[in-house]
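Worksheet: the structure to be examined is printed underneath.
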Amino acid sequence: MIEARQLSKRYGDMLAVDGVDFSLERGEVVGFLGPNGAGKTTTMRMLTGFLPPSEGTASIAGFDIFNDPIEARRCVGYLPESPPLYPEMSVKSYLSYVAKIKDVSRGERRQAVERSLERCGLVDVRNRVIGTLSKGYRQRVGLAQAIVHEPPVLILDEPTAGLDPLQIQEIRELIAELAAPAKGETQQTVILSTHILAEVEAICRRVILIHQGCKVVDAPLSELTAEGQSLEELFVRETMGRSSAREERA
Amino acid sequence: MRHVTDVAGRELRSLFVSPVAYAVLSLFSVLAGVFFILNVAWFNDMLLRLQQFQAFDQLEMMNLNDHLITEFYGSMSVVLMFLIPAITMGLFASEKANGTEELLLTSPLTAWDIVLGKFIGGATFVAILTGIVGLFPGILFVYGDPEVGRTLSGLLGLLLTGWVYTAMGAFASSLTRSQIVAFLIALVLMLVMLLLPAMSDLGVAAGASWVGDFFRYLSANAHVERLLRGLVETSDLVYYAVVIGTFALLTKAAVESSRWR
């Protein structure tokens, strides 16, 4: 579903992402881990077509992000770090606008909006102006925006940042539901970045850890925790160990 | 280009659900009314004076189109020069500040969908403002007999000038994430536009008459003047299309370049 080949991003002299490769199958839920500034957001932005890679390429659902950018973007639902909301619009008119620009046909639009309102628990606030909603609700509107066109691929950048424990629980359940849907709904491939390791353990089946722009771990969660080590130990070992090794070399 | 109307529609709706549109519309109506009354009073004063001095030749020359409507349109074009940057400053800058730029650029939209949608949204609002201006000469038809064709072609000139300002303002907004900076850039662009005739004279004085001709063509003055005299010529319409098109191209380049920074 998602294929990244030697993805690299250079900002001037700084290499933010350095030759990241991975390939995800349909229905996989992958936790994207790494310390702040490791290049998680940049990688996600390249996959969504917001930033062009300096080198390498990627394809979404078989569409290359350079050759078929419009097709590739149609297959992605994206929740950026801060949800892209228009504060002056109502929840419903916002979602209907997003459905329009995501190419949901006129006949299916109303139903698509209703479904995403329902799935994200927004039915009660559908006519509220987004600017007056609490942070938790705004995050849900952001998520509803990402799934309104039922994309085969979902890219979520820290979907639970800043939420309270109850809201985090709800969002996690929703993501789990998206990856293993009821009959008749499309199964979605999900990449989510987070700092909360417990979250990865709760919903992801595979972990990709990047550090200083490079992929350092890519394995199923079960394999990583098989030897009794916690994800936290792994995270610390991979990121701390490597940076000290790098400093020694320097 | 299928999404131009979607983007334009959202832009207009956002204007009308926030107080901005209503503030601008009411302010503009009040200003238009004040300028209209002042122009009528001035016109009346001129007539009285010419009668007093028995200057019948000049009295004969006075007419509603030249001495009232044209003046009124001129005043309103100055008001538009300050109001339009206030409307266009948010077109792109607010998307960047809100983070909604990420939504637009990761949706299956082309750069033209975004640029034309934004322009048409702003241009529609400017058309509403021009419509308000048009109401006032309408009153004159009740009490006098201005020429219909000239009144309308002059209004067309005002509308097209407003759209040039909209294209400039949209471009200014695409360059920055700060609305105030966008407002200032747009204002400077418009002032440069106003100074073009003076620059053209400078070119002629320096002996480079082609520079003078070039600047005179770029300036909107000559084109508006012909429209105010009632001459709707293809060459002038082409001029407006070229200027608006150029700024649309520049805006598109700015939107696309944001991906590469």
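Rule-based calculations on the coordinates, nothing more; no lab input. Everything quoted here is computed from the prediction, not taken from an experiment. Ideal geometry is used to build each Cβ from the backbone, glycine not excepted, and the neighbour counts take in all protein chains shown.
Given the pairs A:Lys102/B:Lys118; A:Lys9/B:Lys252; A:Lys40/A:Lys135; A:Lys9/A:Lys135, which are separated by over 28 angstrom at their Cα positions? List each step's numbers first, then the result.
Working: A:Lys102/B:Lys118 17 Å; A:Lys9/B:Lys252 24 Å; A:Lys40/A:Lys135 23 Å; A:Lys9/A:Lys135 32 Å.
A:Lys9/A:Lys135, as the Cα separations exceed 28 Å there.
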note = So the angle from the long Cα axis of helix A:231-249 to the longest Cα principal axis of chain A, reported in degrees to the nearest 10, equals 50 degrees
inquiry  = Ranking request for peptides B:24-31, B:220-227, A:71-78: highest mean number of other beta-carbon atoms within 10 Å first, then the rest in descending order.
reply    = A:71-78, B:220-227, B:24-31
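For B:Leu91, what charge total do you get from the other residues with a beta carbon under 9 Å from its beta carbon, if Lys and Arg give +1 and Asp and Glu give -1?
Working: positive: B:Lys118; negative: B:Glu11, B:Glu95.
Around B:Leu91, the surrounding residues sum to -1.
Based on the Cβ-Cβ distance from B:Val20 to B:His67, what FRET efficiency comes out when R0 is 45 Å, to the nearest 0.05? List each step's numbers first, then the result.
Numbers: r = 35 Å, r/R0 = 0.78.
The value I calculate is 0.80.
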remark   = Taking Cα atoms, the helix A:135-147 axis meets the longest principal axis of chain A at an angle in degrees (rounded to 10) of 90 degrees
ask   = What residue among B:Ala127, B:Ala182, B:Ala41 has the largest mean-square fluctuation in a Gaussian network model of chain B, using Cα springs under 10 Å?
value = B:Ala41
query = Angle between the Cα long axis of helix B:148-174 and the longest principal axis of chain B, 0 to 90 degrees, nearest 10?
reply = 30 degrees
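Once the Cβ-Cβ distance between B:Met46 and A:Arg5 is put in as r, and R0 is 56 Å, what FRET efficiency do you end up with, to the nearest 0.05?
Numbers: r = 77 Å, r/R0 = 1.38.
It comes out at approximately 0.15.
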request  = Kindly rank B:112-123, A:51-62 from highest to lowest mean number of other beta carbons found within 10 Å of each residue.
outcome  = B:112-123, A:51-62
request  = Provide, in order from the shortest bin, the percent of all Cα-Cα pairs of the protein assembly as shown in each 10 Å bin, continuing until the bin that contains the maximum pair distance.
outcome  = 4, 16, 22, 20, 14, 10, 7, 4, 2, 0, 0
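D for the stretch A:1-69, whole µm²/s, Stokes-Einstein with Kirkwood Rh over alpha-carbon pairs at 4 °C and 1.567 mPa s: what number? Can you show the working numbers first?
Values: Rh = 12.3 Å.
D = 105 µm²/s.
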